[in-house]
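Remarks on the structure that follows.
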Amino acid sequence: TYTADGALAGGNRHSCAIVNGYSMCWGVNDKGQLGVGNTVDGYRPVTSAVILSNGANKVSAGGDSTCAVSQGGLFCWGDNSNGKLGLDPATVPNRVAPTEVSFFTNNSGTYGYVSDVSVGETNVCAITGDVRVFCWGKNDAKQVGASGAPVSNAITTPTQVTGLPSGGNITAISVGYSHACAIVNSDLYCWGTNGSYELGNTTSGSQYATKVNVTGAFTAVSAGKNFTCAILNGVANCWGINDSGQLAAALSTTRRAAPTAIAAPGNTLQATAISAGDSHACAVLQGASYCWGKNNSGQIGNGTPSAAVVTPYKVTTGVMSDGRVSIGIGAGDATSCSVANGLINCWGDNSNMQAGAQTGATVLSPVTTQWYRYELNRNKGIFY
């Protein structure tokens, strides 16, 4: 039995998931972001090298890069233009196969092994076993989050984020376009650029880690492009820019500086997973996949492309019409994927096969990609 476990990730033009402990990716591969040792695009989920086989439990895709946690080690591949792989981009512009970020391996005795990772457009952040957050990559807007870190296009050494409560329980990390957020002791802290109030306050300019001052408990967070979504007290909330309805609010609301529940019916439904993409967002609400925001490529899943969908739409088209139960959700640049009934289902932009369909520039209704069943059997020497 081959089952996707709910860990999904969407980059600019590629998608990834964890299936039975394997990191699998599909879509564009011009920078090696699929991690298969070449630069050939693929609509079929393929395993990201043997080193990640049967041991990966976290995967994250952002921009044209991918990282995964496998047996406590952190491996990254794809684009390295901002040092996201932890390597000097002047000598290593990209990597087509998973490469271990040696900083964490070399310092595992001090910080413990990596427990989670998030890849953004130009940055990567990770949580270590001793509950610290380290970030690296571009740092022109404090998105590395370290006081005293130099303004740089590429910080290649993971640097500890300052301003977070010492010894706090860090349960989630998410990196967006040029900001990041972490949940510490059920509180939310964000850092980086704040031009659209994506940090949850109205203070202008870039900031180091700042607490989002609201009452309640955060259980999940996802940083998108100039906006943030999170689960607060069991309800999906979003804030930041709203030029495409990505806050699930009328377009007359240009931006918000504080977490605000998404529009009905989402504000009355229990949220268990949430993901912010480029200009749209999706969430699992009471076992169903809902999406809202920009819909130029059909990424909302309602079967009809449009400029914006400001009301959370329950995805019931295509293969999702059978009522399958969702446990995971991922919003990429203009593609959405869910894990439902153990299957990977995607819709939206498919210009580089990132929706898992062999043909078609857009996938307007969800399709199930099941090639990973063959791929995992092939890895085991079983052929059809």
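Worth a mention:
- Under conditions of 4 °C and 1.567 mPa s, the stretch 32-146 yields 92 µm² s⁻¹ as its translational diffusion coefficient, taking Rh as the Kirkwood radius over Cα pairs in the Stokes-Einstein equation.
- In a simple Cβ point-charge model (Lys, Arg +1; Asp, Glu -1; nothing else charged), the chain has a dipole of about 280 debye relative to its Cα centre.
- Averaged over residues, the count of other Cβ atoms within 10 Å places the peptides 282-289, 235-242 in the sequence 235-242, 282-289, highest first.
- Take the Cβ atoms of residue 130 and residue 368, set R0 to 35 Å, and the FRET efficiency comes out at 0.30.
- Residue 113/residue 267 FRET efficiency (R0 45 Å; Cβ-Cβ; nearest 0.05): 0.70
- Structural size metrics of the stretch 105-238, computed from C-alpha coordinates, are Rg and Dmax of 13.6, 40 Å.
- The simple spin-label model puts a point 7 Å past each Cα toward its Cβ; for residue 307 and residue 359 those points are separated by 3.3 nm.
- Per residue accessible area in Å² of the chain, where ligands, DNA and RNA are left out and the probe is 1.4 Å: 35
- Spread of Cα-to-Cα distances over 10 Å intervals beginning at zero, given as percent, for the stretch 223-308: 21, 56, 23, 0
- Pairwise centroid distance, computed over Cα atoms, of the stretch 306-344 with the stretch 190-211, Å: 30
- Per residue, the convex hull spanned by the Cα atoms of the stretch 94-180 amounts to 98 cubic angstrom.
- 222 nm mean residue ellipticity, helices alone, for the chain (DSSP H n ≥ 4; -39,500 (n - 2.57); rounded to 500): -1000 deg cm²/dmol
- With all projection directions averaged, the alpha carbon convex hull of the stretch 234-384 covers 9.3 nm².
- Distances between placed amide hydrogens fall under 5 Å for residue 6 paired with 18, all partners being 5 or more residues away or on another chain.
- Rounded percent of accessible protein surface that carbon and sulfur make up, the chain, 1.4 Å probe: 47
- Exceedance of the 25 Å cut-off in Cα-Cα distance is limited, within the set 31/314; 138/211; 138/294; 58/314, to 31/314; 138/294; 58/314.
- Annotation: extensible slack from residue 102 through residue 166 equals 20.6 nm (criterion: 0.36 nm per residue apart, minus Cα-Cα distance).
The values are calculated or read from the model by the stated rules, or taken from the named source; none is laboratory data. Values in this document were obtained by computation on a predicted structure and should not be read as measured data. FYI the Cβ positions are ideal-geometry reconstructions off the backbone, even for glycines, and counts take in every protein chain you see. Surface areas here come from the heavy atoms of the whole protein model, side chains and all, with no ligands, DNA or RNA. Shrake-Rupley method; radii C 1.70, N 1.55, O 1.52, S 1.80 Å.
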